[in-house]
Amino acid sequence: MAALLAQLLLTGLATGAIYALVAIGFSLLWQGSQVVNFAQGDFVTLPAFVMLGVMGYGLPLWVAMPVALLVSLLVLGVLFRRVLVQPMLRHGVMPLVIATMALSIFMENAMKNVASAEAYPFPGLSGGIDLGPLFLDWQSAVTLLSAVLAVLALHLFLSRTRTGRAIQATAQNPAVARLLGINVDRMILITFLINAALVTLAAVLISPAYLVKFNNGEAIGLTAFCAAIIGGFNQVRGAVAGGLLLGVTETFAATFGPDQYRAAVPMVLLIVFVLFRPQGLLGRREERRV
Amino acid sequence: MIGPDAPTVLEARDLVRSFGAVRAVDGISFAVREGEILGVIGPNGSGKSTLFNCLLGQLLPSAGQVLLDGRDVTGMRPAALNRLGVSRTFQLLQVFPQLSVRDNLILAGQEHVGSRIARLFGSPDAGLGAAADRMLGLFRLEALAAEMAASLSYGQQKLLDAAIAFMAGPRLVLLDEPAGGVNPTLLAGFRERLRAMNTEAGATFVVIEHNMEFVMSLCTRVICIAQGKIIANGAPAAVRADPAVIEAYLGD
């Protein structure tokens, strides 16, 4: 029993680590420029399809990954900000929320038109290592490790570098940041680029298990959204905690409860948190004056 | 004393700023000489903060000119003025709440040092660690260096706000009600800090303040503004004794 629990915990953490990556991007966009991106899940699907497309030409995954990263930085980073966020944000947060919902529908249907509704297999790592009663599969191990490294690198970047400090300042008080000579516009662009890189990494890690399908983003996006809120919407480490908590809870619920309720887990947890701890696990209260 | 031959740092020429039919700043002219501590007093709503905003490029004046070292800087962006050595504090606090006190200070100086390459790859404290520590010492904030700015008391945040304004090594600092809400003990030390920055670092100040005792003990010259116009300009004692100032602002 203990071995099973440990095994489930490991699987749950690996899944949760991917949710965490997507949720961090989600909360960075919110902090950097008040974008609630309901297309975030589809942001994970797009680079997965790009990689499949490149591999379709007989090229290996390690060539496909940088291509997908480049496309993500350009389309999900620069273009997303220029074409959708900048023109819409002037009209307030809500219109932009609706716009990202529309973007989600658009992306899913565009991907369906190009790639059909089929679920495509994606190369992953097979095999693993026996650790006594525990079986550590390479895919989970690499997933956990790369997610941890990515989060660590991001944390160091935000807290220990000049640019990171300037990004934090921009999120906390853009007017004064501008006054101090910080290029606020560039800092916001950098958060969009970080998000594009995070979703690309998430695509590489999640696709072997979930396959690649045009509407995969619905579940991933919703889970990441819940993870970000549960962890505390205004904190990067909150998104990590929320993602891990959801991954583990979901895995346990799917093993010990009826499988069809697996998808309901994030929403149930979200409701519980909104009712009893609205600032999330690690978040701080935000005040809004009306 | 500031001699009459000290060069003029900042000059306002016939500044006007209207909001609709209201002329919040109505033809104000004055000059600040290097090394001066100029106090700006006047009733609430008399146009003091609007004047500051015009001087610092946060509001475009409706008419008139702002000159820095004799050069026309009217309407220049605040960040550009900041690079020319002008900084300010705000009546309402403007620190970064979720950064440490020390990071707040480093942030204020980091856009002024180093090349583009150094900014990308340079050391995290941007070579400003020593300057930040010196400022922490000057403003007696050493013990709070690692605290989040949000956890400081209001008075301490005011000190941090002022320290931020000094981090870029400015020649001219505009302080908007620095003494407001600061307790008397902190305030005495604060006044000494400002005086030290004035005599040692040679910084020039323009200070908006309601605390008359603070103004009288700190400033070398005072102007009084009422209804967008200067009604008195001179030595602190002379301005305080001016009948027009007493009627418009001080009362009996």
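The values are calculated or read from the model by the stated rules, or taken from the named source; none is laboratory data. These numbers come from a predicted model, not from an experiment. We place every Cβ from the backbone using ideal geometry, glycine too, and count neighbours over all the protein chains shown.
Per-structure values
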read-out: Complete set of residues in the range B:7-45 that are touching a helix residue (DSSP H, G or I) at 6+ places or on another chain (Cβ under 8 Å) and not in a strand (DSSP E or B); value: B:Gly35, B:Gly42, B:Pro43
read-out: Cross-chain or 6+ apart pairs with Cβ under 6 Å, the range A:75-96 first and surrounded by 12 or more Cβ atoms within 10 Å (Cβ to Cβ), then not in a helix (DSSP H, G or I); value: A:Val85/A:Val35; A:Val93/A:Gln34
read-out: Odd one out for A:Leu70 among (1) under 30 Å from B:Leu99 (Cα atoms); (2) surrounded by 12 or more Cβ atoms within 10 Å (Cβ to Cβ); value: (1)
read-out: Considering residues of the range A:165-222 that are within 12 Å of chain B (Cβ to nearest Cβ) and among the charged types (D, E, K, R) only, the residue farthest from B:Asp125 (Cα to Cα); value: A:Asp185
read-out: Residues of the range B:30-61 satisfying the condition of being among the hydrophobic types (A, V, I, L, M, F, W, C) and either closer than 16 Å to B:Cys224 by Cβ or surrounded by fewer than 23 Cβ atoms within 10 Å (Cβ to Cβ) (or both); value: B:Phe30, B:Ala31, B:Val32, B:Ile37, B:Leu38, B:Val40, B:Ile41, B:Leu51, B:Phe52, B:Leu56, B:Leu59, B:Leu60
read-out: Single residue of the range B:103-114 satisfying the filter (more than 8 Å from every other protein chain (Cβ to nearest Cβ) and either touching a strand residue (DSSP E or B) at 6+ places or on another chain (Cβ under 7 Å) or surrounded by fewer than 22 Cβ atoms within 10 Å (Cβ to Cβ) (or both)) that is modelled with the lowest pLDDT; value: B:Gly114
read-out: Residues (small (Gly, Ala, Ser) and within 14 Å of chain A (Cβ to nearest Cβ)) located in the range B:46-61; value: B:Gly57
read-out: The range A:120-136, residues that are within 26 Å of the chain's Cα centre (by Cα) and surrounded by fewer than 13 Cβ atoms within 10 Å (Cβ to Cβ); value: A:Pro121, A:Ser126
read-out: Unmet criterion (only one of (1) part of a loop (DSSP other than H, G, I, E, B); (2) at pLDDT 85 or above) for B:Ala132; value: (1)
read-out: Filtered residues of the range B:146-180 (kept if more than 14 Å from chain A (Cβ to nearest Cβ), small (Gly, Ala, Ser) and surrounded by fewer than 16 Cβ atoms within 10 Å (Cβ to Cβ)); value: B:Ser153
read-out: Residue that is nearest to B:Ala244 (Cα to Cα) [pool: residues in the range B:61-77 that are free of Cβ contacts under 8 Å to residues at least 40 places away in the same chain and among the hydrophobic types (A, V, I, L, M, F, W, C)]; value: B:Val73
read-out: Flag for A:Arg162 being within 14 Å of chain B (Cβ to nearest Cβ), of a type in the set (Lys, Arg) and surrounded by 24 or more Cβ atoms within 10 Å (Cβ to Cβ); value: yes
read-out: Looking only at the range B:62-83, and only at residues there that are surrounded by fewer than 20 Cβ atoms within 10 Å (Cβ to Cβ) and in contact with a Pro (Cβ under 9 Å, 6 or more places away or on another chain), the one that is farthest from the other protein chains (Cβ to nearest Cβ); value: B:Gly70
